[in-house]
Amino acid sequence: MVALRPAGNDGRWERVAARPAGDYTRGVTAVRLVLALVAAAAAGAVNAIAGGGTLLTFPAIVGLGVTPLVANATSTVALWPGSLGSMWGYRRELTGARRWVIGFTVPSLTGGTLGAWLLLHTPPAAFDRIVPFLVLGATLLFLVQGPLLSRLRPSAPATTEPAPRWSFLAAQFLVAVYGGYFGAGIGILMLAVLGFMGLTNIHRMNGLKNWGALCINAVAVVMFAGGGIVHWPIALTMAVGGMLGGYAGSRLAQRVGQQAVRHAIVAIGLAAFVWLLVRRPGGA
């Protein structure tokens, strides 16, 4: 099997005869996998309740001793099955929205491909330097999610919706590039774009958002797996935990105070930003 791995810190990658999983799985223990399962279950639950699961899985994987670049790819792979389930749950909301589904597909796939390609060509040391600010940006997006969605959510759904315009396609392409590269916070970005484009039915908007995320992450998962930068024991363990947590979270969504969950996620995101900033070579 041919795969890729970093050839240095200048962005070059080299082909190897076999997937370099040994470099990423060394030191994996049952205790670490249990911790990964717990973190993913928590992420799946908060995704069902309030969103923002990536802000839990990414720092958790880094905390298990995985490099940030590989942790980013692993988190994307681990959470993708959950996005498949979310898409299935919203499938009925896309009835009659064929133009928007098609409009979402092309920029999501192409932008996600470009973003994943950029990650594969980012030197690991450079990613270490910028990832704290990616986490900070995602945390701030999550922080403003509530007020922004309250502006987008209408009192009554409109009976007609506009056709997607080229400006919408361009905006979705840029969101997809970011999503393929890092991914945290793409849901709120897509909802904002849809609102600015004139859509008013929040349920249909969520369905389109889930479809876009499914497309973006699908190409990223394929490229990351082919590039050999996925920590498979953690990714598969977290995929199971995410599905279990998502199911439990959907059952508890109506019973748990969402505001408290949101505050906890923001606190975790800010703490992860500081920790990632300090742990970089040379510190802050």
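The values are calculated or read from the model by the stated rules, or taken from the named source; none is laboratory data. The model shown is predicted, which means the values in this text are computed figures rather than measured ones. Cβ placement follows ideal geometry from the backbone for every residue including glycine, while neighbour counts extend to all protein chains displayed. Heads up: the accessible areas ignore ligands, DNA and RNA and are worked out on the full protein's heavy atoms, side chains in. Shrake-Rupley method; radii C 1.70, N 1.55, O 1.52, S 1.80 Å.
Structure data summary
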| quantity | calculated |
| --- | --- |
| Residues of the stretch 28-64 classified as at pLDDT 85 or above, surrounded by 24 or more Cβ atoms within 10 Å (Cβ to Cβ) and assigned to a loop (DSSP other than H, G, I, E, B), total | 0 |
| Selected residue (criterion: modelled with the highest pLDDT) from residues of the stretch 172-212 that are hydrophobic (A, V, I, L, M, F, W, C) and closer than 16 Å to T74 by Cα | F182 |
| Scope the stretch 213-228; condition open to solvent by less than 20 Å² (accessible area, probe 1.4 Å) and either over 13 Å from L79 (Cα atoms) or modelled with pLDDT of 90 or more (or both); matching residues | C215, I216, A220, F224, G227, G228 |
| Test: residue in the stretch 143-150 that is at pLDDT 70 or above, open to solvent by 40 Å² or more (accessible area, probe 1.4 Å) and under 21 Å from A272 (Cβ atoms) | yes |
